[in-house]
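Below is one structure, written out as structure tokens; the observations come after it.
The values are calculated or read from the model by the stated rules, or taken from the named source; none is laboratory data. Just so we're clear, the structure is a prediction, and the values are computed from it rather than from any experiment. Positions of Cβ are backbone-derived with ideal geometry, glycine not excepted, and every protein chain shown enters the neighbour counts. For accessibility, only protein heavy atoms count, side chains too; no ligands or nucleic acids. Shrake-Rupley method; radii C 1.70, N 1.55, O 1.52, S 1.80 Å.
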Number of protein chains: 2
Amino acid sequence: MPVYPDPLERLVSELSRFAGIGRKTAQQLAFQILAMSDEEAGGLADAIVTAKKELRHCSVCGNLTDLDPCAICGDLARDVNMICVVESPKDVIAIEKMREYKGLYHVLHGVIAPMSGIGPEDINIESLIIRLRESDSVAEVILATNPNIEGEATAMYLARLIKPAGIRVTRIAYGVPIGGDIEYTDGVTLAKAIEGRREL
Amino acid sequence: MPVYPDPLERLVSELSRFAGIGRKTAQQLAFQILAMSDEEAGGLADAIVTAKKELRHCSVCGNLTDLDPCAICGDLARDVNMICVVESPKDVIAIEKMREYKGLYHVLHGVIAPMSGIGPEDINIESLIIRLRESDSVAEVILATNPNIEGEATAMYLARLIKPAGIRVTRIAYGVPIGGDIEYTDGVTLAKAIEGRREL
């Protein structure tokens, strides 16, 4: 005899599909759902379906959006001279949260990773090049791909592609993270932090 | 400007309603949902709605079920001489998982907790008493409420209520958990473990 009644078993296995959620946590979540009112559970189910249905990629920058162009591309107050290139919409959210950057974005939806068979044509690079070619306002492209091998390689590739057009290309700074411990910082980061030192 | 597009914001806040899931985890789950196929996301949403709709309490034992009576109460192979009283359907699942216990259950859906204003009439006790009165097969009631103040008090209350009917009433054993460390076991548990020692 199965341990769970069928609909509970189905809910638990659906929930345990999430990375980082095992059967035990899935069971706890399932019981929380059963403790919700019908409206709350329906609201959750509807939010899932609606998000899947309404969210798409902005045709300009590739960011996740329910409008096209997205709220950032369509915002007249943003600085159109700057485009920050990131790997994923999550990176846009992280940068937007600090409320400092006022320029535009371009989301690659991945990085060049030859080991995984992902070349420049598999990520959102072509639309960036077309965007730069058609715009006469962009003065700087900030490369904010992740500071790992693939992110670096992608940044290098983009720099070589964009610089000839006379656009300034910059890379985010490497260094010791604020609140971090020098003692526990890896050697490569420390070397980069010393190399990138600034006059006070 | 909000950081998330509306449907994503809604999904993230719906997901962060779960106890133990903060905004950050909710965002990760939301992105996992967006990465699912439409069928997968729809399947998850449907599992939530279906579980809410189809799961109810068994009219006999109070366990969570999509059938009535539940699969355990309806299973002719179970030992009808024994009823194990537990606080919640999760406890039934935990006991069923070990595949050792072959008797029936009774789910209280709570414990007597005077500090929270929960009296014997607020939990599923009356149906247990009626069930015992109407059955002539039950020979033993195992009290498996949690080993804390409320669980103890509820067990004591039930023992006093059931014993006069000439039914054997037992309480699950207290002691050091298997795989536990005597060194790190609290004093009350250790005292119970020594008090409950058995001849080898």
- [ ] Determine whether A:I95 is without any contact (Cβ under 8 Å) to a residue 60 or more places away in the chain, surrounded by 16 or more Cβ atoms within 10 Å (Cβ to Cβ) and in contact with a strand residue (DSSP E or B) (Cβ under 8 Å, 6 or more places away or on another chain).
- [x] yes
Task: Condition check for B:G151: surrounded by 10 or more Cβ atoms within 10 Å (Cβ to Cβ) and part of a loop (DSSP other than H, G, I, E, B) - done: no
Open item on the list: Restricting to the range A:21-78, and then to whatever is among the small types (G, A, S) and within 8 Å of another protein chain (Cβ to nearest Cβ), can you tell me which residue is farthest from B:A45 (Cα to Cα)?
Closed with: A:A71
TODO: Just need a number here: residues in the range B:48-85 that are of a type in the set (V, I, T), without any contact (Cβ under 8 Å) to a residue 12 or more places away in the chain and open to solvent by 20 Å² or more (accessible area, probe 1.4 Å).
DONE: 2
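Let's see how each residue does on (1) at pLDDT 90 or above; (2) among the small types (G, A, S); (3) touching an Asp or Glu at 6+ places or on another chain (Cβ under 6 Å):
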| site | (1), (2), (3) |
| --- | --- |
| A:E150 | yes, no, no |
| A:A153 | yes, yes, no |
| A:R168 | yes, no, yes |
| A:G187 | no, yes, no |
Task: Count of residues meeting criterion [more than 7 Å from chain A (Cβ to nearest Cβ) and loosely packed, with under 15 Cβ neighbours inside 10 Å] in the range B:1-12 - done: 1
TODO: Would you be able to say whether some residue in the range A:160-182 is surrounded by 14 or more Cβ atoms within 10 Å (Cβ to Cβ), in a helix (DSSP H, G or I), of a type in the set (D, E, K, R) and within 20 Å of the chain's Cα centre (by Cα)?
DONE: no
Open item on the list: Can you confirm whether A:R133 is within 22 Å of A:P69 (Cα to Cα), modelled with pLDDT of 90 or more and open to solvent by 40 Å² or more (accessible area, probe 1.4 Å)?
Closed with: yes
